[in-house]
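The values are calculated or read from the model by the stated rules, or taken from the named source; none is laboratory data. What you are looking at is a predicted structure, and each value in this text was computed from that prediction instead of being measured. For neighbour counting, all protein chains shown are included, and Cβ atoms are generated from backbone atoms with ideal geometry for every residue, glycine included. All accessible areas refer to the heavy atoms of the entire protein, side chains included, with ligands and DNA or RNA removed. Shrake-Rupley method; radii C 1.70, N 1.55, O 1.52, S 1.80 Å.
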Amino acid sequence: MVKITSEAAPDDHVSRSKPSPADSPAGPPLRLWPPVLIVAALWIFMGVLNSALDLVISTNFMLKAAGSVVAALAFLIWWLASRRITWSDKLLPLVVAAAGAVACVMVSLQTLGALGAVFVGVPLVLSVWTVWLLVSRRLSGRTRRIGLVVAILLVWAGVSLVRVDGVDGRMMPSTHWRWTPTAEELYLAERARAGEADVLAAPIAAGAEPLALAVGDWPGFRGPDCLGEQNHAAIVTNWNDAPPKLLWKRHIGPAWSSIVVIGGRLFTQEQRGEDEATVCLDCATGIELWAHVDRARFWDGQAGAGPRATPTFHDGRLYTFGATAILNCLDAAGGKLLWTRDVLKETGAPWPMWGFSSSPLVVDDVVIVFAGGPDDRGLVAYRTLSGDPAWNAAAGPISYSSAQQVTLAGQCQVLLLSDTGVVAVDPSSGKRLWQYDVNGHGVWRVVQPRPFDNSQVLVGSEDMGLTLLDVRHDGIVWTAAPRWVTKEMRPAFNDYVVVDEVAYGFDKGLFCATDLATSKRLWKKGRYGFGQVLLLTPQNLLIVLTERGEAVLLAANREKLEELGRFQAVSGKTWNHPVVVRNRLYVRNDTEMAAYELTPAEGS
């Protein structure tokens with residue numbers, strides 16, 4: 001009798017103890033060239049955009065967002081379509097990635113937000129995901145799954161620890177760990193240590209002599225005529241032998257306001273925590289003389305916190321327009337508040353993406369700002385002495401430009417550039433005189449229209465390029481038509497000046513010269529980023545304040561870029577306009593301010 005035994009049992013035991021396919025590296029390897037290609041293409045694309053200074057800012061922004069979204073979709077399609085990954089292995093990391101993104105946005109600082117997650121988090125998650133798939137190919141399936149989930153969560157956890165302190169003109173973010181203090185916090189702590197409380201204007205105002213405009217003073221944004229020209233300063237141009245001498249440097253709260261100089265007083269605006277401040281400093285020392293504060297704060301993820309407009313001095317009074325649309329009239333000598341208006345509330349205007357940015361313009365007995373309210377509440381004017389409403393006029397819903405006073409055909413007019421084009425109104429009544437329609441479909445326009453002669457106006461923006469308008473007057477009928485339009489010079493939020501029928505300024509982040517007689521670009525060379533320019537007319541000199549805070553002295557040379565000298569004036573991102581008064585150069589950005597003595601030219 002043959003005893004029957006089971007020979008299969010040991011094999012069955014061995015089979016049951018083998019790892020499952022999901023836990024084993026055995027089998028055909030996963031094709032990883034598609035995600036590698038996707039991630040590499042994304043980073044190359046981002047790198048090209050970061051170096052492409054010629055792109056319109058809005059286009060650069062949208063392309064970066066689209067690049068991240070397209071790469072994520074391509075990666076998702078590859079991941080879901082791969083037959084060598086089980087559905088459970090496919091869905092788990094996707095759910096974790098989505099949940100991690102939501103959690104990151106919820107717990108991260110306001111400075112990051114959903115856009116920060118798209119710009120920063122998505123490329124990093126895709127990159128780490130791909131790298132993990134490459135390095136874990138010989139690990140067990142269980143280890144690969146756990147490692148991938150952990151890697152994705154670590155990326156989102158790391159991103160949530162980052163603070164984004166705005167972007168530069170190329171949309172490159174400035175990042176810091178969230179626990180490090182901001183420049184504004186350091187400034188406030190410095191003031192607290194020094195025992196500097198908010199200065200009360202009343203004690204100073206009681207004995208203060210009224211201020212008056214003198215020759216060479218700088219009473220408002222871009223100077224006396226808002227043209228960026230100083231007509232009363234001649235300096236030594238050899239900065240190697242006679243470099244600018246630092247008089248003082250101090251920290252300041254964030255703002256993109258420029259500077260006003262009247263006599264020995266300097267005025268600007270800044271953010272101090274939850275307060276928006278107008279400050280008066282001593283020109284010789286930088287010491288604060290008085291400050292007026294309003295309980296208001298504006299912040300956006302690209303430009304940061306603080307006011308955007310520049311004060312305007314007129315007949316002893318200082319007019320300020322804050323980023324939250326508070327229009328104040330102050331006694332310039334002591335800072336006493338004379339009247340105030342809540343323009344946002346009064347006009348029903350929507351919040352601009354980057355805050356209210358219109359520097360006040362005073363013409364005769366009215367002060368004018370852009371509000372962007374509905375119907376005819378675009379431009380609004382108030383009586384300078386009382387603050388009573390004077391008139392309002394339709395001017396388009398979106399603008400970061402300021403009203404510009406011009407005289408055409410002998411008539412004083414106020415121009416405003418908005419997303420709908422250019423509008424000209426009578427400053428005494430707000431009655432529309434003429435308009436030039438160029439619909440920007442919501443695009444921001446920043447640079448002010450500039451009178452070229454008695455019958456022409458230059459208009460510039462990054463979407464329109466540079467346009468020379470012929471403005472004609474026939475009886476009571478005004479018309480405006482373009483003589484030429486060129487895209488060879490596209491000022492974004494950085495401006496230009498005119499010397500001998502040549503415009504010197506910025507085509508995006510590159511400095512250039514354009515012949516206004518022919519509309520042809522003469523040269524484009526200076527890589528100064530999104531800086532600003534100032535003209536010293538006695539010598540036809542240009543002072544460029546670069547986006548990185550360097551002051552560069554140029555000759556207004558139509559043939560070539562001619563640098564005469566440069567030095568580091570302030571540190572950090574600098575979008576504020578420079579000012580020269582009585583051979584002193586005043587510069588500031590969102591963290592510090594400085595004054596430099598320029599050697600006067602012989603005989604000046």
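For the reader, a short list of remarks on this structure follows.
- Residue ranges of strands (runs of 3 or more DSSP E) in the range 478-538 with at least 3 members open to solvent by 30 Å² or more (accessible area, probe 1.4 Å): 521-526
- Close pairs from the range 408-426: first under 16 Å from TYR436 (Cβ atoms) and free of Cβ contacts under 8 Å to residues at least 24 places away in the same chain, partner of a type outside the set (Val, Ile, Thr) and open to solvent by 40 Å² or more (accessible area, probe 1.4 Å), Cβ under 9 Å, at least 6 apart: GLN413/GLN405
- Those residues of the range 547-604 which are under 17 Å from ASN240 (Cβ atoms) and of a type in the set (Phe, Trp, Tyr), in sequence order: PHE567, TYR596
- Total residues in the range 151-189 satisfying the condition of being touching a residue at least 60 places away in the same chain (Cβ under 8 Å), of a type in the set (Ser, Thr, Tyr) and assigned to a strand (DSSP E or B): the figure is 1.
- Residue match in the range 67-76 (condition: surrounded by fewer than 16 Cβ atoms within 10 Å (Cβ to Cβ) and among the hydroxyl-bearing types (Ser, Thr, Tyr)): no
- Restricting the range 417-445 to residues that are open to solvent by 10 Å² or more (accessible area, probe 1.4 Å) and of a type in the set (Lys, Arg), the residue that is farthest from the chain's Cα centre (by Cα) is LYS431.
- Pick from the range 542-555, criterion open to solvent by 10 Å² or more (accessible area, probe 1.4 Å) and either of a type outside the set (A, V, I, L, M) or under 11 Å from VAL498 (Cα atoms) (or both), ranking: modelled with the highest pLDDT: GLU550
- Residue count for the range 364-395, restricted to those that are in a loop (DSSP other than H, G, I, E, B), in contact with a Ser or Thr (Cβ under 6 Å, 6 or more places away or on another chain) and over 20 Å from GLN411 (Cα atoms): 3
- VAL131 free of Cβ contacts under 8 Å to residues at least 24 places away in the same chain, under 19 Å from ILE38 (Cα atoms) and not in a loop (DSSP other than H, G, I, E, B): yes
- ILE398 fulfils the conditions (1) open to solvent by less than 10 Å² (accessible area, probe 1.4 Å); (2) among the aliphatic types (A, V, I, L, M); (3) in a loop (DSSP other than H, G, I, E, B) except for a single criterion, (1).
- With respect to the conditions (1) open to solvent by less than 40 Å² (accessible area, probe 1.4 Å); (2) touching a Leu at 6+ places or on another chain (Cβ under 8 Å), THR310 lacks only one, and its number is (2).
- Criterion applied to THR384, THR420 was being touching a strand residue (DSSP E or B) at 6+ places or on another chain (Cβ under 7 Å) and at pLDDT below 95, and the one residue passing it is THR420.
- Of the residues ARG558, ARG566, the single one that is touching a residue at least 12 places away in the same chain (Cβ under 8 Å), open to solvent by 50 Å² or more (accessible area, probe 1.4 Å) and part of a strand (DSSP E or B) is ARG566.
- A Cβ distance below 9 Å, combined with a sequence gap of six or more or placement on separate chains, defines the contacts here; from the range 231-242, residues that are within 17 Å of ARG582 (Cβ to Cβ) reach residues that are of a type in the set (Lys, Arg) in the pairs HIS232/ARG582; ALA233/ARG582; ALA233/ARG584.
- Of all residues in the range 255-266, those satisfying the criterion of being over 14 Å from VAL215 (Cα atoms) and not in a strand (DSSP E or B) are ALA255, TRP256, SER257, SER258, ILE259.
- Whenever a residue of the range 28-52 is under 21 Å from ASP507 (Cα atoms) and among the aliphatic types (A, V, I, L, M), its partners that are open to solvent by 20 Å² or more (accessible area, probe 1.4 Å) and part of a helix (DSSP H, G or I), lying with C-beta atoms within less than 6 angstrom and at least six residues away or across chains, give the pairs LEU49/LEU63.
- Members of the range 350-372 that are farther than 21 Å from ARG317 by Cα and either open to solvent by 10 Å² or more (accessible area, probe 1.4 Å) or of a type in the set (Ser, Thr, Tyr) (or both): PRO350, TRP351, PRO352, MET353, TRP354
- Residue match in the range 575-594 (condition: modelled with pLDDT of 95 or more, outside any strand (DSSP E or B) and acidic (Asp, Glu)): yes
- Members of the range 406-416 that are in a strand (DSSP E or B) and surrounded by fewer than 17 Cβ atoms within 10 Å (Cβ to Cβ): THR407, GLN411, CYS412
- Residue count for the range 200-254 satisfying the condition of being among the polar types (S, T, N, Q), in a loop (DSSP other than H, G, I, E, B) and either surrounded by 15 or more Cβ atoms within 10 Å (Cβ to Cβ) or at pLDDT 95 or above (or both): 2.
- Restricting TRP391, TRP339, TRP299, TRP351 to residues that are free of Cβ contacts under 8 Å to residues at least 24 places away in the same chain and out of contact with any Asp or Glu (no Cβ under 6 Å at 6 or more places or on another chain) narrows the list to TRP351.
- Residues (free of Cβ contacts under 8 Å to residues at least 24 places away in the same chain, in a helix (DSSP H, G or I) and not hydrophobic (A, V, I, L, M, F, W, C)) located in the range 57-87: THR59
- Number of positions in the range 180-199 that are in contact with a strand residue (DSSP E or B) (Cβ under 9 Å, 6 or more places away or on another chain) and either surrounded by 11 or more Cβ atoms within 10 Å (Cβ to Cβ) or at pLDDT below 90 (or both): 11
- Residues in the range 432-468 that are out of contact with any strand residue (DSSP E or B) (no Cβ under 9 Å at 6 or more places or on another chain) and at pLDDT 90 or above: there are none.
- Taken over the range 343-363, the residue count meeting the criterion of being within 18 Å of CYS329 (Cα to Cα) and either of a type in the set (Ser, Thr, Tyr) or in a loop (DSSP other than H, G, I, E, B) (or both) is 5.
- Residues in the range 261-290 that are farther than 15 Å from ALA594 by Cβ, open to solvent by less than 10 Å² (accessible area, probe 1.4 Å) and over 25 Å from the mean Cα position of the chain (by Cα): ILE262, TRP290.
- Tally, over the range 280-313, of residues that are in a strand (DSSP E or B), over 17 Å from TYR586 (Cβ atoms) and either touching a His at 6+ places or on another chain (Cβ under 7 Å) or not small (Gly, Ala, Ser) (or both): 7
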